[in-house]
1. Starting from the Cα of A19, step 7 Å along the direction of its Cβ; do the same at T82; then give the gap between the two resulting points in nm.
2. Taking a cut-off of 20 Å between Cα atoms, list the lysines near K70, but don't count ones fewer than 8 places away on the same chain.
3. In Å, what Rg and Dmax follow from the Cα atoms of the range 2-205?
4. Treat every Asp and Glu Cβ in the range 2-205 as -1 and every Lys and Arg Cβ as +1, leave all other atoms uncharged, and give the resulting dipole magnitude about the Cα centre to the nearest 20 debye.
5. If we count other beta carbons within 10 Å of each Cβ, what is the order of I115, I135, fewest first?
6. Below 15 angstrom from the Cβ of P168, what's the summed charge of the other residues (Lys, Arg +1; Asp, Glu -1)?
7. Let me check I've understood the local charge: for A47, count other residues with C-beta under 12 angstrom from its C-beta, Lys and Arg +1, Asp and Glu -1. What total comes out?
8. How far, in nm, would the chain grow between E38 and T107 when pulled straight, counting 0.36 nm per residue and subtracting the alpha carbon separation?
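Any read-out appearing in this document is the output of simple, stated calculations on the displayed coordinates, not a laboratory observation. Only a predicted model underlies this, so the values are computations on that prediction, with no experimental measurement involved. Heads up, the Cβs are rebuilt from the backbone with ideal geometry, glycines too, and the neighbour counts pull from every protein chain shown.
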Amino acid sequence: MKILTVSDLVVERLYTLAANHYFDEIDLLFGCGDLHYEYLEYLLTIARIPLYYVPGNHDPKYDEYNKESKAEGGVNLDLKTTRVGNLLIAGIGGSIRYRPNGVNQYTQTEMYLRILKLLPGLLLNRLRYGRALDILITHSPPFGIHDEDSQSHQGLKALNLLVRWANPRYHFHGHTHFYRQNLEKSTTQLYNTQVMNIYPYKIIEINDV
Ligand SMILES: [Zn+2]
């Protein structure tokens, strides 16, 4: 299965690639946050691939009655688990809180409380399929991995705990930007999980059986 993952930055070239059938082989589109929803809507419409995404700290607060707050045709995966083909996926939106009234921002403690909402779905997966999760999609990185010392780019400690417990094969995230791309690693192993910084996009091929 081939997955197109996008995050944080609109890459103009992807419009052209989508229009020229470059993504015909792609099965799924994942958005890791901080992207204009028109960009996600364009990619899912032109490339005709199902979209699952989480909101970032620059995205509007989700409101099911407000069209502007979601990507039409896509699934907002924030605090949800789902199964796509044979893949068990779950999502967590938002970043560390760095402004008192910032949208989609949470303290480390609030994030621990948020991930509790995923546990029933993950436990059910473990009972049904013998594993809790295959792919975790978040906006923020875990703490100490691909994150930065600045308050706004500090990783979330709750994600380290979740990765350890749920043991997914992959964790895709955005939020931290690799401007010095050839100098920094964008993939790091955490326990048994490949943690990948998606910024600004990656095409990932995974075994889904
Ligand atoms: Zn962000």
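1. 2.8
2. Within the straight-line cut-off, K70 pairs with K61, K80.
3. 15.9, 46
4. Values: 21 positive and 21 negative charges, 168 e Å.
Once rounded to the nearest 20, the dipole reads 800 debye.
5. Details: I115 19, I135 25.
Starting with the residue having the fewest Cβ neighbours, the order is I115, I135.
6. Values: positive: K80, R83, R126, R131, R164, R169; negative: D134, D208.
Counting the neighbours of P168, the net charge comes to +4.
7. On the way: positive: K2, R48; negative: D24, E25, D27, E41.
Overall, the nearby charge balance is -2.
8. Numbers: separation 69, 0.36 × 69 = 24.84 nm, distance 2.91 nm.
Contour length minus the Cα-Cα distance gives 21.9 nm.
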